[in-house]
Amino acid sequence: METRSRRLPWLVAVSLLLLPATAAAWTGKVVGVADGGTITVLHNWQPEKVRLWGIDCPEKNQNFGTKAKHITSTLVFAKMVEVDPVTTDRYRRTVAFVRVGDTVVNEELIRQELARVFTRYCNRPICHAKSGSYWRPRHGRGSGASG
């Protein structure tokens, strides 16, 4: 019995080390908006690039790219946001859910149909509700339209 009680702390310690590391949510001020899906947030007084997780926004040079950037800027620029990291991408950006007040920016861009869901990665309810949406249908324009 004594041997078992000595092993328990080791088993607990090893188990904790094997659990996947998840970063805790943090808050910071948005100091830049690169496009609809990428912002720069101050984290520990350092600028950190944050990619909005689970969505695909048009780039600045694509249809509605300017509008997506404008909406993202309106929602977050110069505001305090909560960043809930999910992972880090190959460009070393934090990929996260971003919340300003009661609004999850990722979800708001989907609701406004300025982003489509990356169904391959996104497993939240909003991902399934709008998985077919894209920025063109809402505006009723053809593929040659610009935003």
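We did not get these values from a lab; they are worked out from the coordinates using the rules stated. The model shown is predicted, which means the values in this text are computed figures rather than measured ones. Ideal geometry is used to build each Cβ from the backbone, glycine not excepted, and the neighbour counts take in all protein chains shown.
Given their separation in residues at 0.36 nm each and the Cα-Cα distance between them, Leu42 and Asp89 gain 15.1 nm when the chain is fully extended.
The modelled label-to-label distance between Glu82 and Arg111, using points 7 Å beyond Cα along the C-beta direction, is 1.6 nm.
Within a 10 angstrom radius of the beta carbon, how do Leu75, Leu42, Leu109 rank from fewest other beta carbons to most? Spell out each step's value before the answer.
Numbers: Leu75 20, Leu42 15, Leu109 23.
Placing the least packed residue first, the sequence is Leu42, Leu75, Leu109.
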